[in-house]
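Chemist: A single structure is presented below for examination.
The values are calculated or read from the model by the stated rules, or taken from the named source; none is laboratory data. The structure displayed is predicted, hence computed values, not measured ones. Methodologically, a virtual Cβ is constructed for each residue, glycine included, from the backbone with ideal geometry; neighbour enumeration extends over all protein chains shown. The protein model used for the area step is the full one, side chains on, heavy atoms only, and it has no ligands, DNA or RNA in it. Shrake-Rupley method; radii C 1.70, N 1.55, O 1.52, S 1.80 Å.
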Number of protein chains: 2
Amino acid sequence: MYRTHTNGELRIENADSRVILCGWVQRIRNLGGMTFVDLRDRYGITQLVFDAEKNETLAAEARSLGREYVIQVEGNVSERSAKNPKLPTGDIEIIVQNLTVLNASEVPPFTIEEDTDGGDELRMKYRYLDLRRSNVRSNLELRHRMALEVRNYMSSQNFMEVETPVLMKSTPEGARDFVVPSRMNSGRFYALPQSPQLFKQLLMVAGFDRYFQIVKCFRDEDLRADRQPEFTQIDCEMSFVNQEDVLNTFEGMTKHLFRTVKGVEIDYNFPRLSFAEAMESYGSDKPDIRFGMKFVSLKDKLSARDFKMFDDAEYIGGICADGCAAYTRKDIDQLTDFVRRPQVGAQGLVYIRYGSDGTLKSSIDKFFSTNDLKAIAEQFNAKPNDLILILAGAKKKTLSALCELRLEMGNRMGLRHRNSFAPLWVIDFPLLEWDDETQRFYAMHHPFTSPKKEDIALLNSDPAKVRANAYDLVINGVEIGGGSIRIHNGDLQQKMFKVLGFTKQEAENQFGFLMNAFKYGAPPHGGIAFGFDRWASLFAGIDSIRDVIAFPKNNSGRDVMNDSPSTISDAQLEELNIRVVEKKA
Amino acid sequence: MYRTHTNGELRIENADSRVILCGWVQRIRNLGGMTFVDLRDRYGITQLVFDAEKNETLAAEARSLGREYVIQVEGNVSERSAKNPKLPTGDIEIIVQNLTVLNASEVPPFTIEEDTDGGDELRMKYRYLDLRRSNVRSNLELRHRMALEVRNYMSSQNFMEVETPVLMKSTPEGARDFVVPSRMNSGRFYALPQSPQLFKQLLMVAGFDRYFQIVKCFRDEDLRADRQPEFTQIDCEMSFVNQEDVLNTFEGMTKHLFRTVKGVEIDYNFPRLSFAEAMESYGSDKPDIRFGMKFVSLKDKLSARDFKMFDDAEYIGGICADGCAAYTRKDIDQLTDFVRRPQVGAQGLVYIRYGSDGTLKSSIDKFFSTNDLKAIAEQFNAKPNDLILILAGAKKKTLSALCELRLEMGNRMGLRHRNSFAPLWVIDFPLLEWDDETQRFYAMHHPFTSPKKEDIALLNSDPAKVRANAYDLVINGVEIGGGSIRIHNGDLQQKMFKVLGFTKQEAENQFGFLMNAFKYGAPPHGGIAFGFDRWASLFAGIDSIRDVIAFPKNNSGRDVMNDSPSTISDAQLEELNIRVVEKKA
C-alpha cells in the first residue's frame, strides 16, 4: 500500500489522523519559512505543509521538488487556519513528516491546468499529459458513467450484449472499408466493420430477441473536423417490434441516461416531427428545438410586386426574431454577410423591423406597401419590437440557408444553452434518395429499411414519395442516433433491390449471404444505433468529439503522439504477400 | 406490439387470460383431431393447441406449418390436463384462435435441439441457426452477465473503463500484428493491438489511477484448436500499488463473479503457490488443484539398485493414486501407452501396488527389495489399496509428463468436476527465460515487468535466478489471467533492456515513445489481463472457447459462414497503394 487515502477524500473529521498520500506536484509556494505543495491525483487536490523551522532538511527537499514530480508523503491531517471553500479538501492540510520522491519529472511542455497554455498540436503530441488536466479527465469519467448506465439499463430491459467480429468480410460496396490482409489466407483480406448491421440482423434470425453492443466501428474516409476513423456506437436491435416499440424503448433509455448521468428529469414524451415537417419548419432533419423561430413559408401568400428576388423564387420563407427590432444597420449587414457566405449560399437577406411604435420598416419598402408588410408580419404573428428575416430562392438551398440563419440567430439571442436539452424524434424519412449524377435511387438509410405499409404501392408508381419506417433521435440539433424497421419479407426485399437498380446477380453478390439466412425464419425486427462519441460530447457540453476520446487521431487519421500509421518491415510485407506501390507524383 | 408475452413467462396464474405470442415452431404433433405446436423463443417454450373439431380451417393451417416457421398466435391460456414439470410453462397451454405466419422457413440443415444432428462444419456455416440452440445461446447469456458483473464491480472499485485505439502503431517486433493499410497515408500501416499494454501504462502516466477495459485484441498466429485471431481481454491497471494490492483487488473481482454469476461463495483466501513450488509439485505453472496427488520427488531418496532408468535419471518422481491398487494389467498398460505418447514423451511407467493386504508389488521388483518399496511408499504416505506411479528422466520433460499423468489420473478417478472450482495465484515467476536457439534472455512476461527488489542484484550475476513481481490467476488448471508490477524507474528499465540484449538504439526504436512518457512523472503501477473467452468457457463448463463466441473463426482464421477473409477489388487495392504478390508455389 503506497497510500492510506486519495487526495480527494480527507475532511475536517480526519483531523489529527496520520495519513500517507501519493500524487503529482501541482504547485509549490514558498511563504517565509513555510512551503506549501498542492498534491494532485484523479480524485482531487490536498495541500501539504512543510515548516522549515521544524525540519529544515525536509523543507529544503520540498522546495527542490518540481512540477509533476510523483511523491509520497506521510503526515498528520490538520485543520487549516485559512480554509479554501472551493476545494472539497479545503478545510484541512497535511503537516508532512516524511517525503519520498517516487519519480522525478522533466518540466512538462505545457501547464497541467484547466486553462492550459498548450496549443492543440502540442497537447495531442503529449496526450498523456493533456489527460492529466481535470476537465479532459472528467469528460472521460462522464463517458465511462454513460457506458455503464447504458449497459445496466439495456440489461434490465432484457437486452443481451453480444460481441460481433471486428475481422469481418469486405463487401463489394465497401469502398470505405479498412482492410486487413490475412497472412494465413494469401491475397485475401478481412474488413473492419463500418457497423455490425449484418451481424445484428443475423442475431435476430438466431432468435436473440434483444441485442445491444457498445462497439468500435471504422470508416476510411476523408475526415472532417469532427470525424474519427474509429468511432463508437451503441448498436441495438429487437425482434417482434414495430416502430412504436423501438421509439418507446429507446426514449426510455435516453431518459434514463439524462436522469442518472446529467440529473435531468424529462417527464414528457419526446416530440415527434415527420421528416417533411422538420424540413418545412426548420430546414433540417436534425432541428434544434431548444427555441422556436419556426419557418413561415410565404410563397403562396405574397402577390407579385415586381420584386424580382421574390417573384423568381421557388421558395420564400422567413423567421421572426422576438424583440430584435433594435438590431442596427451593422447587425443586419453582418447577418447579410453571414447568409451570403458560400457555406450558407443565400443571395441576400430581406428584413422587416416591427418598431416599438407599431411602424414597419423593411429593406423592401420600395416594392411592398405598409399593408403588404402588415400582412406579412401577421403571417409571423409578429409583435412590436420583433425582427423578421426572409430568404428566397431555390427551395432546397433556401431552406438550408434559412436553417443556418435560424441557428445563428439562436446563438446571438442566447437561446442555445449548453445545459438545456431538447430531444425529439424525426420520423417518416423518405425511403429513397435520387442521385442526379448516377441517375438512380439510393437507399436513404440502407437497403434493408422497411417502407411504410401504406406506401408500398408507390414503390412502382412514385418511388420518391415512399416513406420509410426510419427514425432519428435528435438532441439540440445533433443527430444522436438513427435506425429503422427492417424488411423481413423476401419478396419485398427483392422488390426493393429492383427499385435500387440491382440486378438479381448484383443483389446476390452483395447481400446473398444475409438473404440466405432470411430463408430460415427471420422474425420482424428493427433497431437503432447511437453515436456514442457524439452523445458523450453533447453531455460534456463540448463541441468536438475529440475530448471524449482518450487517444484520438487528427484530421489526417494520424496519432501524432506515437506517429502512427507507420511503415512496416519488408519481412512483414512479404509474410502478408503484399507490396506497397509508390504513389504517382 | 407483436406480442403480449414471451414464451417463457406464462404460468397457471395466467389461466383464462387472452394472450398474443410470437416465436419459432419447434415441434408439431398431430394426435387425433388435436394439433400441438411447441412455440419457442429466447425465453422458453409454450405449447399451442389447435382443435380440429372446433376450427378445422385453423387446425389445417397449423398442420401445414413447418419447423422454424415464425408465427404469431392469439388465444386463451388454459390449464393443461397433462402438465409438463420439466417446462416452466408446463402447467398451461394456449387454445389458439388466430394464427399468422410471419415468415416461412426452409427445412433447416440440422435439428435445432441441444443434441443436434449437425456436425461442426455445418453448424459453423449456419451459425445463425446454431445460435438458436438453447445451450449455445445460454453460453452467450452467461458471457453477457459476466461482462456486466465485471463492469459493475470494477466501477464500484473506482476503476474507469477507457476505450483505447484499435488502429494503433505497429511495433518493430510486431511480427504477429494484423496490419491495416492507410489510404490517407500512403505506404503506411496501422496495427491492431495484441493488447492495450502501452495505452494502459500511458493512462497510469496520465493519472487515471484505476483503468479497466473489456477489449478485443488480435494476434495473427497459426491457430491451435482453441485460439482465435480476435479475442477478448479484461484488461486492468492500477497506480500506487504493489503486488499484494493487485492480488487482493482481483481476488475480490473473481469472488464477486463466482458469487453473482455461478452462485458459488468462496469464503477463503486463494492459495498462492510460487512458480517454483508449482513446478515441483504439479509440473505446471497452471496446476489443477481441485485434487491432490502432488508430486513426490525421489531422486535424493533412492539408492542405486542397478536400475538404469532410475540411475541415469536427472529426476525421479511420482504420484500416489488413492485406492487405485485394483488397476488391472490392462489399465496399467493403457497408462504406460498414455505416458509414452509423443505429446507426453516419457520413456516408461513404473508402478507400485499397495495391496489391501499390505503387500507391495511393482514393475521394479527385480531391482528393489520389499524394504526398498516400503521406503518409497512411505515417501508417498501411501496406504493399502493405493497405486504409486513413477516417471524418471530429464527433469523438465519428466515433470511435464508427470503433470499429464496426474491430470489423466484425475480424470479417471473423477476428481475434476466441472462444477467444482479451485482458484489459486501462481506468483514469483522468473523474470527471464533463456532461449537456446538465439542464445539470449527473453522477458517471460514483458520487458516492463518489475524484478523483485531483493533480486535486482542478481540481474548482473545470475539473471536466470531473478524473480519477477508477476502473477497468474489459475482456476482448475486453466490460466485465466496474468499480470505484473511494472518498472517505473528509468534506470532500472535501461538495465533491463541491457540484460535483454537491446542496444540503446534498439530500445529507443521499440520503446522510446513509452520511455519518453515516463520522463514526466510515471507513478508506480501494475496490472493484470484476463482471457475473457477462456473464463466464460470455464464458467460455461465447456472445453472450447468457440461456443462462448457468437461468430467464431475456424483454425484457418476463416469465417465459413460468410466466407471471409475474401479478395477485394483492384480499385480498392489501388486506392490503398498496395498490390497482392502471388505466393510462390
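Chemist: Just for the range B:327-337: of the residues that are part of a helix (DSSP H, G or I) and over 16 Å from B:Ala392 (Cβ atoms), which one is least open to solvent (accessible area, probe 1.4 Å)?
Modeler: Initial filter on the range B:327-337 (part of a helix (DSSP H, G or I)): B:329-337.
With over 16 Å from B:Ala392 (Cβ atoms) added as a condition, the list becomes B:329-334, B:337.
On the way: B:Arg329: 144, B:Lys330: 142, B:Asp331: 42, B:Ile332: 5, B:Asp333: 65, B:Gln334: 82, B:Asp337: 100 Å².
Ranking the qualifying residues of the range B:327-337, first place goes to B:Ile332.
Chemist: Turning to a different aspect of this structure: Can we say A:Glu106 is more than 10 Å from every other protein chain (Cβ to nearest Cβ), open to solvent by 50 Å² or more (accessible area, probe 1.4 Å) and out of contact with any Ser or Thr (no Cβ under 8 Å at 6 or more places or on another chain)?
Modeler: Details: more than 10 Å from every other protein chain (Cβ to nearest Cβ): no; open to solvent by 50 Å² or more (accessible area, probe 1.4 Å): yes; out of contact with any Ser or Thr (no Cβ under 8 Å at 6 or more places or on another chain): yes.
Judged against the criteria, A:Glu106 is not a match.
Chemist: Something else now. Take the range B:229-259 and flag every residue that is of a type in the set (Gly, Ala, Ser) and either open to solvent by 10 Å² or more (accessible area, probe 1.4 Å) or assigned to a helix (DSSP H, G or I) (or both). Please lay out each step first, then the result.
Modeler: Going residue by residue through the range B:229-259, those that are of a type in the set (Gly, Ala, Ser) are B:239, B:252.
Answer for the range B:229-259, where residues must be of a type in the set (Gly, Ala, Ser) and either open to solvent by 10 Å² or more (accessible area, probe 1.4 Å) or assigned to a helix (DSSP H, G or I) (or both): just B:Gly252.
Chemist: Looking for whichever is touching a residue at least 24 places away in the same chain (Cβ under 8 Å) and either surrounded by 14 or more Cβ atoms within 10 Å (Cβ to Cβ) or assigned to a loop (DSSP other than H, G, I, E, B) (or both) here; the options are B:Glu53, B:Glu74. Which one fits?
Modeler: Details: B:Glu53 fails: touching a residue at least 24 places away in the same chain (Cβ under 8 Å).
Checking each option against the conditions leaves just B:Glu74.
Chemist: Condition (residue is facing chain A (nearest Cβ under 10 Å), modelled with pLDDT under 95 and part of a helix (DSSP H, G or I)) applied to the range B:206-228: is it met by at least one residue?
Modeler: No, that holds for no residue.
Chemist: I'm trying to understand the selection: among the residues of the range B:451-469, which are surrounded by 11 or more Cβ atoms within 10 Å (Cβ to Cβ) and under 24 Å from B:Asp245 (Cβ atoms)?
Modeler: B:Pro451, B:Lys452, B:Asp455, B:Ile456, B:Val466, B:Arg467, B:Ala468, B:Asn469
Chemist: Tally up the residues in the range B:186-197 that are more than 7 Å from chain A (Cβ to nearest Cβ) and surrounded by fewer than 22 Cβ atoms within 10 Å (Cβ to Cβ), please.
Modeler: Summing the residues that are more than 7 Å from chain A (Cβ to nearest Cβ) and surrounded by fewer than 22 Cβ atoms within 10 Å (Cβ to Cβ) in the range B:186-197 gives 3.
Chemist: Given the options B:Asp563, B:Asp533, B:Asp491, name the one that is acidic (Asp, Glu) and either within 8 Å of another protein chain (Cβ to nearest Cβ) or over 27 Å from B:Asp428 (Cα atoms) (or both).
Modeler: Details: B:Asp533 fails: either within 8 Å of another protein chain (Cβ to nearest Cβ) or over 27 Å from B:Asp428 (Cα atoms) (or both); B:Asp491 fails: either within 8 Å of another protein chain (Cβ to nearest Cβ) or over 27 Å from B:Asp428 (Cα atoms) (or both).
Of B:Asp563, B:Asp533, B:Asp491, the one residue that is acidic (Asp, Glu) and either within 8 Å of another protein chain (Cβ to nearest Cβ) or over 27 Å from B:Asp428 (Cα atoms) (or both) is B:Asp563.
Chemist: Do the conditions hold for A:Asp547, that is, is it in contact with a strand residue (DSSP E or B) (Cβ under 6 Å, 6 or more places away or on another chain), within 30 Å of A:Phe159 (Cα to Cα) and assigned to a helix (DSSP H, G or I)? Explain how you work it out, then say what you get.
Modeler: On the way: in contact with a strand residue (DSSP E or B) (Cβ under 6 Å, 6 or more places away or on another chain): no; within 30 Å of A:Phe159 (Cα to Cα): yes; assigned to a helix (DSSP H, G or I): yes.
Criteria not met by A:Asp547.
Chemist: State all residues of the range B:183-199 that are under 23 Å from the mean Cα position of the chain (by Cα) and assigned to a helix (DSSP H, G or I); if no residue qualifies, say none. Steps first, please.
Modeler: Going through the range B:183-199, the residues under 23 Å from the mean Cα position of the chain (by Cα) turn out to be B:192-197.
The one that is under 23 Å from the mean Cα position of the chain (by Cα) and assigned to a helix (DSSP H, G or I): B:Gln197.
Chemist: A further question follows. Considering only the range B:391-400, I want to know if a residue exists there that is of a type in the set (D, E, K, R), exposed (fewer than 13 other Cβ atoms within 10 Å of the Cβ) and more than 24 Å from B:Gly482 (Cα to Cα). Step through it out loud before you land on a result.
Modeler: Narrowing the range B:391-400 to residues of a type in the set (D, E, K, R): B:395-397.
Pick out the ones that are also exposed (fewer than 13 other Cβ atoms within 10 Å of the Cβ) and you get B:396.
Of the ones still in play, those that are also more than 24 Å from B:Gly482 (Cα to Cα) are none.
Checked the range B:391-400: no residue is of a type in the set (D, E, K, R), exposed (fewer than 13 other Cβ atoms within 10 Å of the Cβ) and more than 24 Å from B:Gly482 (Cα to Cα).
Chemist: Check off (1) part of a strand (DSSP E or B); (2) open to solvent by 10 Å² or more (accessible area, probe 1.4 Å); (3) within 22 Å of A:Pro196 (Cβ to Cβ) for A:Leu473 and give me the number that stays unchecked.
Modeler: The one condition A:Leu473 does not meet is (2).
Chemist: What do you reckon, is A:Ala422 of a type in the set (Gly, Ala, Ser) and surrounded by 21 or more Cβ atoms within 10 Å (Cβ to Cβ)? Spell out how you get there, then give the answer.
Modeler: Values: of a type in the set (Gly, Ala, Ser): yes; surrounded by 21 or more Cβ atoms within 10 Å (Cβ to Cβ): no.
Criteria not met by A:Ala422.
Chemist: I've got another one for you. Mind checking which residues of the range B:125-139 are at the interface with chain A (Cβ under 7 Å from one of its Cβ atoms) and in contact with a helix residue (DSSP H, G or I) (Cβ under 7 Å, 6 or more places away or on another chain)?
Modeler: If the condition is that a residue be at the interface with chain A (Cβ under 7 Å from one of its Cβ atoms) and in contact with a helix residue (DSSP H, G or I) (Cβ under 7 Å, 6 or more places away or on another chain), then B:Tyr128, B:Leu131 are the ones that fit.
Chemist: Do we find a residue being over 30 Å from the mean Cα position of the chain (by Cα) and open to solvent by 10 Å² or more (accessible area, probe 1.4 Å) anywhere in the range A:556-567?
Modeler: Here is the first cut: in the range A:556-567, the residues over 30 Å from the mean Cα position of the chain (by Cα) are A:567.
Filter once more, so that each one left must be open to solvent by 10 Å² or more (accessible area, probe 1.4 Å): A:567.
Checked the range A:556-567: at least one residue is over 30 Å from the mean Cα position of the chain (by Cα) and open to solvent by 10 Å² or more (accessible area, probe 1.4 Å).
Chemist: Quickly run through the range A:146-185 and pick out the residues that are within 8 Å of another protein chain (Cβ to nearest Cβ), open to solvent by 20 Å² or more (accessible area, probe 1.4 Å) and of a type in the set (Lys, Arg).
Modeler: A:Lys169, A:Arg183
Chemist: Among the candidates A:Val96, A:Val49, A:Val70, which residue alone is more than 10 Å from every other protein chain (Cβ to nearest Cβ), touching a strand residue (DSSP E or B) at 6+ places or on another chain (Cβ under 9 Å), closer than 30 Å to B:Leu492 by Cα and of a type in the set (Val, Ile, Thr)? Don't jump to the end; show me each part of the working.
Modeler: Numbers: A:Val49 fails: closer than 30 Å to B:Leu492 by Cα; A:Val70 fails: more than 10 Å from every other protein chain (Cβ to nearest Cβ).
Testing whether each residue is more than 10 Å from every other protein chain (Cβ to nearest Cβ), touching a strand residue (DSSP E or B) at 6+ places or on another chain (Cβ under 9 Å), closer than 30 Å to B:Leu492 by Cα and of a type in the set (Val, Ile, Thr) leaves just A:Val96.
Chemist: Looking at A:Glu574, A:Glu582, can you tell me which residue is at negative phi, more than 7 Å from every other protein chain (Cβ to nearest Cβ), open to solvent by 50 Å² or more (accessible area, probe 1.4 Å) and not in a helix (DSSP H, G or I)? Steps first, answer last, please.
Modeler: Numbers: A:Glu574 fails: not in a helix (DSSP H, G or I).
Only one candidate passes the filter, namely A:Glu582.
Chemist: While we're looking at this one, here's another question. Look through B:Arg80, B:Arg40, B:Arg63 and report the one residue that is of a type in the set (Lys, Arg), open to solvent by 10 Å² or more (accessible area, probe 1.4 Å) and within 14 Å of chain A (Cβ to nearest Cβ).
Modeler: Values: B:Arg80 fails: within 14 Å of chain A (Cβ to nearest Cβ); B:Arg63 fails: within 14 Å of chain A (Cβ to nearest Cβ).
Among B:Arg80, B:Arg40, B:Arg63, only B:Arg40 is of a type in the set (Lys, Arg), open to solvent by 10 Å² or more (accessible area, probe 1.4 Å) and within 14 Å of chain A (Cβ to nearest Cβ).
Chemist: Just checking, does the range B:486-494 include any residue being of a type in the set (A, V, I, L, M), assigned by TED's automatic domain parsing to the domain that holds B:Lys262 and open to solvent by 20 Å² or more (accessible area, probe 1.4 Å)? Full working, then the answer.
Modeler: Applying the first criterion (of a type in the set (A, V, I, L, M)) to the range B:486-494 yields B:487, B:492.
Okay, now just the ones that are also assigned by TED's automatic domain parsing to the domain that holds B:Lys262, so B:487, B:492.
With the extra rule that they be open to solvent by 20 Å² or more (accessible area, probe 1.4 Å), the set shrinks to B:492.
Yes, there is a match, as at least one residue in the range B:486-494 is of a type in the set (A, V, I, L, M), assigned by TED's automatic domain parsing to the domain that holds B:Lys262 and open to solvent by 20 Å² or more (accessible area, probe 1.4 Å).
Residues checked against (1) over 24 Å from B:Phe275 (Cα atoms); (2) in the same structural domain as B:Gln197 (by TED's automatic domain parsing):
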site: B:Leu459; (1), (2): no, yes
site: B:Ala468; (1), (2): no, yes
site: B:Val478; (1), (2): no, yes
site: B:Gly483; (1), (2): no, yes
site: B:Gln510; (1), (2): yes, yes
site: B:Phe513; (1), (2): yes, yes
site: B:Ala529; (1), (2): no, yes
site: B:Ala540; (1), (2): yes, no
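Chemist: Still on this structure, please answer the following. Residues of the range A:1-33 being in a strand (DSSP E or B) and in contact (Cβ under 8 Å) with a residue 24 or more places away in the chain, which ones?
Modeler: Pass one, the range A:1-33, residues in a strand (DSSP E or B): A:18-31.
Residues satisfying the conditions are A:Arg18, A:Val19, A:Ile20, A:Leu21, A:Cys22, A:Gly23, A:Trp24, A:Val25, A:Gln26, A:Arg27, A:Ile28, A:Asn30.
Chemist: For the range B:519-542, indicate whether the set of residues that are closer than 30 Å to A:Gly23 by Cα, out of contact with any Ser or Thr (no Cβ under 8 Å at 6 or more places or on another chain) and open to solvent by 10 Å² or more (accessible area, probe 1.4 Å) is non-empty.
Modeler: No, there is no match, as no residue in the range B:519-542 is closer than 30 Å to A:Gly23 by Cα, out of contact with any Ser or Thr (no Cβ under 8 Å at 6 or more places or on another chain) and open to solvent by 10 Å² or more (accessible area, probe 1.4 Å).
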